[in-house]
Each structure stands twice: as C-alpha cells, then as structure tokens.
Amino acid sequence: MATAITPLGRRVLVKRSLSEEKTAGGIFLPDTAKEKPQEAEVIALGTGKDDEGKDVSTLFTVKKGDKVLISKYGGTEVKVNGEDHLIINETDILGIIA
Amino acid sequence: MATAITPLGRRVLVKRSLSEEKTAGGIFLPDTAKEKPQEAEVIALGTGKDDEGKDVSTLFTVKKGDKVLISKYGGTEVKVNGEDHLIINETDILGIIA
Amino acid sequence: MATAITPLGRRVLVKRSLSEEKTAGGIFLPDTAKEKPQEAEVIALGTGKDDEGKDVSTLFTVKKGDKVLISKYGGTEVKVNGEDHLIINETDILGIIA
Amino acid sequence: MATAITPLGRRVLVKRSLSEEKTAGGIFLPDTAKEKPQEAEVIALGTGKDDEGKDVSTLFTVKKGDKVLISKYGGTEVKVNGEDHLIINETDILGIIA
Amino acid sequence: MATAITPLGRRVLVKRSLSEEKTAGGIFLPDTAKEKPQEAEVIALGTGKDDEGKDVSTLFTVKKGDKVLISKYGGTEVKVNGEDHLIINETDILGIIA
Amino acid sequence: MATAITPLGRRVLVKRSLSEEKTAGGIFLPDTAKEKPQEAEVIALGTGKDDEGKDVSTLFTVKKGDKVLISKYGGTEVKVNGEDHLIINETDILGIIA
Amino acid sequence: MATAITPLGRRVLVKRSLSEEKTAGGIFLPDTAKEKPQEAEVIALGTGKDDEGKDVSTLFTVKKGDKVLISKYGGTEVKVNGEDHLIINETDILGIIA
C-alpha cells in the first residue's frame, strides 16, 4: 500500500524519537553542542545499489527497530501517513543505542 | 517515434505527480523543509555507460511506473510532448513509494 | 580532408538543431528552466583514451546521427566549415531523442 | 541496556580525561597551540561497515581502555548516562598514550 | 642537443598555429566564445609515468605533427629556440583536426 | 610507561631540532621562504591502519632517529614529558637529512 | 655526511639554473607568462613510498643531472650547504630539457 517508503541505495528511513532531551534509556543529549545529535528509530532500510553500483543489501549494520543517533542536520524530511520522518544515509548515523 | 527521450547513463526520466501537497497514497510532503522532496513517476530508464564506463543496465533499482521521491532541486527539466518532465540521476532519487 | 574534427577521449562533436523552441519530433524545451537543455545532432565520436587511460571506443552509447539533449552550458564551441559546433563530453549528454 | 552507544562504522566512542592540563602519565598538552589535542579514553569501538562498505572489525588499532590523543575539534558530543562523551572517527585519533 | 624539450608524463609540447582566425583546412574558430579553442601542432609527446605512476607511452592518441584544438587557457608557455610553445596535458586537447 | 605516544596510522612523532638557523650538518634553512621547512628528529613511527585500512607497518621510509625536514605548519603540537613534539603524517615530511 | 637531503616519496631535490633569462642550450623562457617555468638541475631523487604507499623507485623518469623545466611556484625552498635548492614533486616537473 502507498503508506510506506523504501529508501534507495544506502539510505535509511528513520523516525525521530519524541523527547530528545532525555530518553528512556538514560542517554542525555547535550543542549550546547553546535551539531546536536538526535535519537531516532530505524523504520526501513534502503534497497538497490549505491552510488558506485554496489548492492546495498549486505552493507547495512542497522536494522529495523534500532534506536540510533543521527546528526541533527543530516537527512531529508518526508512525511509518511502524516508523520515526520527522515531519509538519511547510513554512513551519517553516528551509532546504535543499545 | 520522436516523442520519447532515452536518458543517457544512470539517468532516469520522471514526471512529477500533479498534486504534491497530498498524494493518493497518504504520503504528506512537508511544507517547511528547506529541501522539499517531490513525488514523481518513472517514465524511462537510462541506457549506455555511466561516468566510469560501467554498463548501467544492471544498476537500476527503480523501474518504469514506480512512484518515487526526488529532491526538489535535482534533475534537469525537459518537455516531452508538451508536458514537463525531469531527467535525474538515479542516485538522486531518495526512495520508492510503495 | 581538413574540414573535420575528431574529438579526443570521451568527447563528442555535436551540431545544435536549428530551432530549439519546437522540434519536429514534438519535444518542447522549457523556456523558464535555469539550465535549458538543447537539442543537437551527433556529428563525430571521440577517439583514443580518456582521462584514466581507458580506451573510449567501447564507451560510447550515442552514435553518429543521434539526436541528443545537451546541457545549455556544456561543451566548447568550435566552427567546422563555418558552422557552429560543440565539443562535449558524452557524460554531459542528458539523453537521446527517439 | 540502554545506557550504551555502539558507534557505527570506523567511529569510536571516547570519554575525555578530566584534567587536560597535566595527566598522570606526564604528558603535557600545550596551551598555546591553535588546535590543542586532548587526552581521552576509548569506551567503545564501532561496528558494521565503513563508507566504502568495508567491514570495520579488522580496521581498529585502538582498543577499549586505551588512552588516546584526539583533535580538540574532532568528533560529535553525546551524553551517555549524563556524562559527556565523543563519537570520533579512528582516523582522527592522533596517537595512543602508552 | 639542448634545443628540445621532452614533456614529462601525459603532457604534450605543442606550437600554436600562426593564424587562428582562419586555418588552411577550413576550420573557423569562433570569436565570441568565452573559452576560445586554438589550433596548434604537436611537437613532442611526453615520457615517463603519469600522476598515478602509469607508463604514458601507450596512452597518447595524438602524434607528432598532428593539428589539434586546444583550450585557450590550457597549458604552460615555454620558449624553445626563441619560439613560443605550450606544454599541455593531452586530456586538455579537445580534438584532432583532420 | 605513560611518557610515550605511539602515533596512529601513517603519522610520525618528531621533535624539532634546537637550532633551526644553522644545523650541525651544514644544512641552512632559508629565512625568507614563505613556507619555511624545519629540521626535526623522528622519535616514533605510527602503528595500525591508515585511512584506507592499509597496514602502515610496511609504509614507513623514515626510521627512529632520522633527521628530517618538515613543513613549518605541518603536524599537531603535543608535549611529551614537558617537551614540545609534533605528530605529523609521513607524507608531509619533505626529506631525510643525511 | 650531513650535507645532503634525500627527498621522501615522489619528490625530487633540484637546484635552479643561474641564469633563467637565457640558458646555454638556447631555451628562452618567456617573461610575460603568468606562471613562468624555470630551468633547474636534478640533484637527488626521492626514496620510499608515495601517498598511496607505492614504492617510488620505479616511478621516476628524471634522473640525477637532468636539466628540467619546473613551475615557478612549485616546490619548497631549502638550503643545502648554503645554496638554494627546491624540493618538488616529480609530477610538477613540466619536462626535460635535452
């Protein structure tokens, strides 16, 4: 159905976590850093080939449901079913919150 | 016949969807994002070799008829049979709308 | 004879079509786009090796006589037998008009 | 548990040492250098693939617990359990303090 | 003897043709183009290895005596026996005039 | 012990020679050059992998104790046991003073 | 002895020829060119590995004693035994004067 987006290449569809000040897991994000990373959840992984024509299916480390830290200014905003999402390259994801 | 364009290399010919505010599939595009992605339909895939001389026929993930999200400022505008189209590199397509 | 130019590397010699507003084939070119593509005919393909030393003879997708869309500002202008031509890299050709 | 971050790719999670003026080991950091390096401890190594899709598990030289010198402006600040940390690319680590 | 220069790498020593307005072969060069190409004759090919350490002896398409079109601002001017010459990279030669 | 630094990757730890005006070996360094090279001694070679993940152990030409010429503005200053040192990439070392 | 410099990587130690206006070999250097090439003599070739870790011993085309044309602004000035020299990358040498 038309309510989903499959990112192309090594891109990932993520949804920002509601509260970025303090997360359930105890990760505090700094409020003074120039480039403030944000917590998000991975919704969908990309498909197809990257810029060099390499199949991305074996490239991803993150998986659906992972909580990740992303750069504040990374990615492109899209709405899926009325909710804000981001399409971001996996190499712009800083880390996985465990 | 002379009413079609075959893109060269890893380029794709797409046609923007009529309404970009709200699409049939329920994907809402944000109206405040600096780089607003747009919905479009894939009309034709490229042919030949890319900038590194690699055959593009095995590179494409999108296919004719796919609804895709493209960057607002990506691609070059062309008219085919009087209708606006865009020639855009596949790596500038953000995702496929399913 | 000395009335021809053989482009070097992956360059192509093209000649712009006379009317760019409306072509015989029904392709309309937009008059408001910032980078307006132009219709041209391929006159001669390049020879020799490209910047990486790769033989260009197997790289070309366009062939002599093809009608192509080129970027308005791409290429270098030269005159052959008093007529304006352009030497342009094949990777700067947007597509083939069929 | 949600109190840890696993960096992605060739990134490393480090924690700056408390006193940067004079460390226990006798390494004095200059106070006049334009780009002042800082001492930090490696908390966690990255996982997955780097920007070229290469598995990072065999790439790291530093290991958990290593005291390292990092560029003052390198990395992105994150808080883990309320404490300041940095996510930094291993290639931006200047050296290991032995 | 000391009256010759052997270019290094994929460079070529060329000598500009006397009249650039109209050449014997009927090639007219445009007088309004921003980057006006010029006609020149190949005097000597380079020797040795290029920037990547690749032997240049199999790379050249032009040969001694070829009339070529070169970019107006390409190359470095040198005098050989009191006459102006240019040392230019072969990849900056636009085409061969036949 | 904590009084040594092992550089990471293809970096080298060097210590500038005391007098840069005239060295024992007779090498005079120019005092008017815009980028004045400096004489230094190699204290320690780097370890691990470079930016491309290549093991650096077979890459170094300089060795411990070598007197080298380095670019004046290259490298990052660090203090080891209270003495000024530099961490510099080997490819920024101009030459070895014999 | 300490009166020599061995350049590192694909660098070459050269010494500018005394008179740059007119050389014994009849090569005149232009006095109006923006980037005026200069005549110099190769004093020593580099050793070790280049930036990509490739052994430079098989890369050099120039040899000790060669008269070469170098870019006026290329290289770094050093003094050896009180005389001005330049350390320059071989790929910045334009040609060999024969």
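Please treat every number below as a calculation from the coordinates, not as lab data. Because the structure is predicted, anything quoted here is derived from the model rather than measured. In this analysis, Cβ positions are derived from the backbone assuming ideal geometry, glycine residues included, and neighbour counts consider all displayed protein chains.
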Review point. Using the C-alpha atoms of region B:59-98, what convex hull volume per residue, in cubic angstrom, is computed?
Key: 86 Å³
Check your understanding: Once phi is turned into θ = phi - 60°, what whole-Hz ³J(HN,Hα) does the Karplus curve with 6.51, -1.76 and 1.60 give for every residue of region E:55-66, x standing for Gly and Pro?
Key -> 5, 7, 4, 9, 8, 6, 9, 6, 9, 3, x, 4
Exercise for review: Could you let me know the centre-to-centre spacing of region F:57-98 and region A:57-94, using Cα atoms, in angstrom?
Suggested key: 41 Å
Check your understanding: Once you list every other residue whose beta carbon is under 11 Å from the beta carbon of E:D55, what net charge do they have if Lys and Arg are +1 and Asp and Glu are -1?
Key -> +1
Point to revise | Placed amide H near F:Q38: partners under 5 Å, 5+ positions off or other chain | key: F:I70, F:S71, F:K72
Revision key, fill the gap. Ordering E:55-64, E:88-97, G:46-55 by per-residue average of other C-beta atoms within 10 angstrom, highest first, gives E:88-97, G:46-55, E:55-64
